[in-house]
Amino acid sequence: MFNKKKEEIVDCKITRDMLPAYQDRAMAESAARNIEQHLTVCHSCRKEDVELKNAWYMLGTWEDCDPPEKIRMEILSHRAKQRKMRWIKIVVPVAAALFIVVTLTFSFKGLQHEKQTRLQLPAAPTQLSAEYPDVNEDELIAELHVLRDEEFYDTVEELVRIDYLPLIDEPKQMERDRQRSSLDVALT
Amino acid sequence: MKWNMLIVLIFSFVLLQGGYAFADDAIMRRNKLIWEDMTTEEKKRVIQNYREWKSSTLERKERIRRNYREFHGLSMEEQQRLKELYRRYKSLGPAGQDTVKKRLDRIDSLPADNRVEAEKRYDRNREMPAHERMQHLKRSRFWENLSEEEKEIFKKLLFTDN
């Protein structure tokens, strides 16, 4: 009993989904026959069928008419505004971001330049520059971490390569072992 | 989403620039303190180095800066080992250093494959205990090909029990 009710519900659902195709005769003959059979027994689906036919008929009776000029103009101007707003929404953030990046870059470059010119300008006479006129104290201090052991840092690459020297060639013993093991493999 | 990305990008850019400027200032301040604490003798030596630095080429300056960065990227143990190696290298005198340099030229002429192999051996070698490394060195082809005079020089340089 319960299963029969369920089947009917499923049939109704399928039939209503298929009604537009049925009315347009855009379905297989056997499927159309099934729907026809269902319509003869199901009152609610028949009602749905009639309502759909009426709706199509009503749509056919409608006539296209132009909206009043005032409303048309309002809609068009609103659309134009929307289009303009869309551009503004893209352009404003990009321009803002560019502005910030350019401003920051220039201010940073300005700072760097100021720093460099400060280094190049003759320093205020200090004890050091009085004693050694060719020495720019600011420049010396800026590079002090390197200058303290300049010669050592100049040699670091060579020192690392010295470690590599004994390793350029494989140790003789290892080479002999390898040769022996490959010979063993060949013999077996 | 787009706004968030933009804000993150701008923020990272500002942070990067700020961090760079801050690091520069920190180095400057620290160097100033070191300079003020130096003895007159040390200052004279630094001034001498400064004059050499000023007259050296851009390539040399860049190489020294790069070596400085690489050296400070090493572990403390490696740094100490290199300092010790430098002390030994300096103690060889100009003739000994020339001999070492001639041998070093061999590395530059190594084919790429051999260089990769040598690097692998170098990594393995670093993991060995000191005495094993010395035995390895004595067994090497490099050692066998050295003259007696060269062996004396490299003994001073590479044997840790000296």
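The values are calculated or read from the model by the stated rules, or taken from the named source; none is laboratory data. Being a predicted model, the structure only gives us computed values, none of them experimental. For neighbour counting, all protein chains shown are included, and Cβ atoms are generated from backbone atoms with ideal geometry for every residue, glycine included.
Listed by position, the helices (runs of 4 or more DSSP H) contained in the range A:126-188 that have at least 3 residues being modelled with pLDDT under 80 are A:127-131, A:172-187.
Kindly check whether there is at least one residue in the range B:130-146 that is surrounded by 14 or more Cβ atoms within 10 Å (Cβ to Cβ) and of a type in the set (S, T, Y). There is at least one residue in the range B:130-146 that is surrounded by 14 or more Cβ atoms within 10 Å (Cβ to Cβ) and of a type in the set (S, T, Y).
Yes/no matrix, rows are residues, columns are (1) surrounded by 10 or more Cβ atoms within 10 Å (Cβ to Cβ); (2) at pLDDT below 85; (3) not small (G, A, S):
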residue: A:C45; (1), (2), (3): yes, no, yes
residue: A:E51; (1), (2), (3): yes, no, yes
residue: A:W62; (1), (2), (3): no, yes, yes
residue: A:L76; (1), (2), (3): yes, no, yes
residue: A:K81; (1), (2), (3): yes, no, yes
residue: A:K84; (1), (2), (3): yes, yes, yes
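Tell me, which residue of the range B:121-162 that is polar (S, T, N, Q) and within 19 Å of B:Q80 (Cα to Cα) is nearest to the other protein chains (Cβ to nearest Cβ)? If we take residues in the range B:121-162 being polar (S, T, N, Q) and within 19 Å of B:Q80 (Cα to Cα), then B:N125 is nearest to the other protein chains (Cβ to nearest Cβ). Hey, can you tell me all the residues within the range A:127-144 that are within 7 Å of chain B (Cβ to nearest Cβ) and over 15 Å from B:K43 (Cβ atoms)? Hit for the range A:127-144 is A:A142, nothing else. For the range A:37-71, the candidate set comprises residues that are of a type in the set (F, W, Y) and under 27 Å from A:C12 (Cβ atoms); within that set, the residue that is farthest from the chain's Cα centre (by Cα) is A:Y57.
Residue-level check: of (1) surrounded by 12 or more Cβ atoms within 10 Å (Cβ to Cβ); (2) within 30 Å of A:A95 (Cα to Cα), B:G19 misses just (1).
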